[in-house]
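J.: One structure is given below, represented as structure tokens, and several questions about it will come after.
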Amino acid sequence: MLLTIAQALSWAREQLSSHNVSDDGLHDCAAIDSKILLAASLQREVIYLHTWPEKRLDKLQTEIFKHYMSQRILGHPVAYIIGFRDFWTLRLNVSAATLIPRPETELIVEISLSLDLAKCAKVLDLGTGSGAIALALASEKPNWLITGLDKIAEAVILAKDNATIHKLERVNFIQSDWFSAVEHQQFNLIVTNPPYIEDNNRYLLQGDVRFEPSSALTSGSDGLDDIRLIVSQSKHYLAADGWLVIEHGYQQSDPIRDILTAHGFIQIRNEYDLNGFPRVSLGKVEK
């Protein structure tokens, strides 16, 4: 007998809970994940599930949903299972070649949009991944000249595909090991969500990050190797009064402030996420 939407959600939530999947200790993530996976199986939005709880799944929908559930029970991230993640106002395709865009990274977008930049500002997104930050900025600032860089070829292809889907092809995505492909260029704003987790952090053995590319997560014994490189090189690529905006771990704001200060950045400040943790640092280059 085919299940109704309400029955399918109840079954899925029980399955995820019994396998200790989708549990962060704070939210009913099993219920959230069940809704997202079922909505994707039906090719509908989540609100449809609340509107039609008694509607029965057909055979194909049931098979797809059970497949999605089997993947989630094994721990695979929801975004990789369904192939997309919503970020800012955009629905972005994702793959195992890139980090999954996270809500806290939207803070970079908010901060960048609040800066006093020229109407046709040149912007660089380092380690663009799926293109999330670059495309979110482009969707809000059609006159900004935005370039996204990533050293992973598959990530660049994915970012370009997302740009095409959202008709934001003016964003230029390039394969590059940090600044190697933009020598001698100057930018008014450089944004980055670089790797910032310590190589041996136990967090890497938990949850979704087990399936995400380690090159997008880890950066040396203290997690700051890439940030040191980015800060030291950024001053050569920033125009006068240009800003560098960096996402980082909530315990890294003090050492990053020291790194920025040591390289001559001014007007350094921290920005806090919705949980009250310092998650973004920024500074201006003085020339």
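The values are calculated or read from the model by the stated rules, or taken from the named source; none is laboratory data. In this text, all values refer to a predicted model and were calculated from it rather than measured experimentally. For neighbour counting, all protein chains shown are included, and Cβ atoms are generated from backbone atoms with ideal geometry for every residue, glycine included.
J.: Which residue, of Ala96, Ala6, is surrounded by fewer than 16 Cβ atoms within 10 Å (Cβ to Cβ), in contact with a Pro (Cβ under 8 Å, 6 or more places away or on another chain) and at pLDDT 95 or above?
T.: Ala6
J.: Quick one: is Ile111 under 18 Å from Leu238 (Cβ atoms) and out of contact with any Lys or Arg (no Cβ under 9 Å at 6 or more places or on another chain)? Outline the logic, then answer.
T.: Numbers: under 18 Å from Leu238 (Cβ atoms): yes; out of contact with any Lys or Arg (no Cβ under 9 Å at 6 or more places or on another chain): yes.
So Ile111 passes the test.
Yes/no matrix, rows are residues, columns are (1) of a type outside the set (A, V, I, L, M); (2) surrounded by 22 or more Cβ atoms within 10 Å (Cβ to Cβ):
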| position | (1), (2) |
| --- | --- |
| Lys119 | yes, no |
| Lys141 | yes, no |
| Leu149 | no, yes |
| Ile152 | no, no |
| Val156 | no, yes |
| Asp161 | yes, no |
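J.: Search segment 202-220 for residues that are under 16 Å from Gln71 (Cα atoms) and pair each with any residue that is of a type outside the set (Val, Ile, Thr) and surrounded by fewer than 16 Cβ atoms within 10 Å (Cβ to Cβ) when their beta-carbon atoms are under 9 Å apart and the residues are at least 6 apart or on different chains.
T.: The qualifying pairs are Gly207/Asp24; Gly207/Gly75; Asp208/Gly75; Val209/Tyr203; Arg210/Gly75; Phe211/Gly75; Phe211/Ala96; Glu212/Ala96.
J.: Among residues belonging to segment 200-213 that are in a helix (DSSP H, G or I) and in contact with a strand residue (DSSP E or B) (Cβ under 9 Å, 6 or more places away or on another chain), point out the one that is nearest to Ile81 (Cα to Cα). Working first, answer last.
T.: From segment 200-213, those in a helix (DSSP H, G or I) are 202-205, 207-211; that's our starting set.
If we keep only those that are in contact with a strand residue (DSSP E or B) (Cβ under 9 Å, 6 or more places away or on another chain) too, we end up with 203-204, 209.
Details: Tyr203: 21, Leu204: 19, Val209: 14 Å.
This residue is Val209.
J.: Specify the residue that is nearest to Val191 (Cα to Cα); the eligible residues are those in segment 247-266 that are surrounded by fewer than 14 Cβ atoms within 10 Å (Cβ to Cβ) and among the aliphatic types (A, V, I, L, M).
T.: Here the answer is Ile266.
J.: Free of Cβ contacts under 8 Å to residues at least 12 places away in the same chain and touching a helix residue (DSSP H, G or I) at 6+ places or on another chain (Cβ under 7 Å): is that true of Tyr196 in this structure? Explain how you work it out, then say what you get.
T.: On the way: free of Cβ contacts under 8 Å to residues at least 12 places away in the same chain: no; touching a helix residue (DSSP H, G or I) at 6+ places or on another chain (Cβ under 7 Å): yes.
For Tyr196, the condition - free of Cβ contacts under 8 Å to residues at least 12 places away in the same chain and touching a helix residue (DSSP H, G or I) at 6+ places or on another chain (Cβ under 7 Å) - is not met.
J.: Still on this structure, I have one more. I'd like the full set of residues that are under 22 Å from Ser180 (Cα atoms) and in a helix (DSSP H, G or I), limited to segment 140-163.
T.: Once the filter is applied, which keeps residues that are under 22 Å from Ser180 (Cα atoms) and in a helix (DSSP H, G or I), segment 140-163 yields Ala153, Glu154, Ala155, Val156, Ile157, Leu158, Ala159, Lys160.
J.: Same structure again: How many residues, within segment 116-132, are out of contact with any Lys or Arg (no Cβ under 9 Å at 6 or more places or on another chain) and over 16 Å from Ala163 (Cα atoms)? Walk me through it before giving the result.
T.: Residues of segment 116-132 out of contact with any Lys or Arg (no Cβ under 9 Å at 6 or more places or on another chain): 116, 118, 120, 122, 124-126, 128-129.
Now restrict to residues that are over 16 Å from Ala163 (Cα atoms): 116, 118, 120, 122, 126.
So the count comes out to 5.
J.: Suppose we filter segment 175-202 for residues that are surrounded by fewer than 16 Cβ atoms within 10 Å (Cβ to Cβ) and out of contact with any Gly (no Cβ under 9 Å at 6 or more places or on another chain); how many remain?
T.: 9
J.: How many residues are of a type in the set (Asp, Glu), farther than 15 Å from Glu212 by Cβ and in contact with a strand residue (DSSP E or B) (Cβ under 9 Å, 6 or more places away or on another chain) when one looks only at segment 125-157? Walk me through it before giving the result.
T.: From segment 125-157, those of a type in the set (Asp, Glu) are 125, 140, 150, 154; that's our starting set.
Of the ones still in play, those that are also farther than 15 Å from Glu212 by Cβ are 125, 140.
Add one more test, that the residue is in contact with a strand residue (DSSP E or B) (Cβ under 9 Å, 6 or more places away or on another chain), and what stays is 125.
Qualifying residue count, segment 125-157: 1.
J.: Among the residues of segment 164-186, are any within 12 Å of the chain's Cα centre (by Cα) and either assigned to a helix (DSSP H, G or I) or assigned by TED's automatic domain parsing to the domain that holds Leu205 (or both)? Let's see the steps before the verdict.
T.: Filtering segment 164-186 down to residues within 12 Å of the chain's Cα centre (by Cα) leaves none.
So far as segment 164-186 goes, no, none of its residues is within 12 Å of the chain's Cα centre (by Cα) and either assigned to a helix (DSSP H, G or I) or assigned by TED's automatic domain parsing to the domain that holds Leu205 (or both).
J.: Tell me yes or no: at least one residue of segment 102-109 is assigned to a helix (DSSP H, G or I), touching a residue at least 24 places away in the same chain (Cβ under 8 Å) and not assigned by TED's automatic domain parsing to the domain that holds Ile190.
T.: Within segment 102-109, not a single residue is assigned to a helix (DSSP H, G or I), touching a residue at least 24 places away in the same chain (Cβ under 8 Å) and not assigned by TED's automatic domain parsing to the domain that holds Ile190.
J.: Can you tell me which residue within segment 203-229, out of those that are buried (at least 21 other Cβ atoms within 10 Å of the Cβ) and aliphatic (A, V, I, L, M), is nearest to the chain's Cα centre (by Cα)?
T.: Ala216
J.: Identify all residues within segment 121-139 that are buried (at least 24 other Cβ atoms within 10 Å of the Cβ) and either polar (S, T, N, Q) or assigned to a helix (DSSP H, G or I) (or both); write none if there are none. Working first, answer last.
T.: First, pick out the residues of segment 121-139 that are buried (at least 24 other Cβ atoms within 10 Å of the Cβ): 123-138.
Once the filter is applied, which keeps residues that are buried (at least 24 other Cβ atoms within 10 Å of the Cβ) and either polar (S, T, N, Q) or assigned to a helix (DSSP H, G or I) (or both), segment 121-139 yields Thr128, Ser130, Ala132, Ile133, Ala134, Leu135, Ala136, Leu137, Ala138.
The rows are residues; the columns are (1) modelled with pLDDT under 95; (2) surrounded by fewer than 14 Cβ atoms within 10 Å (Cβ to Cβ); (3) out of contact with any helix residue (DSSP H, G or I) (no Cβ under 9 Å at 6 or more places or on another chain).
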{"site": "Asp23", "(1), (2), (3)": "yes, no, no"}
{"site": "Ser34", "(1), (2), (3)": "no, no, no"}
{"site": "Asp58", "(1), (2), (3)": "no, yes, yes"}
{"site": "Phe65", "(1), (2), (3)": "no, no, no"}
{"site": "Tyr80", "(1), (2), (3)": "no, no, no"}
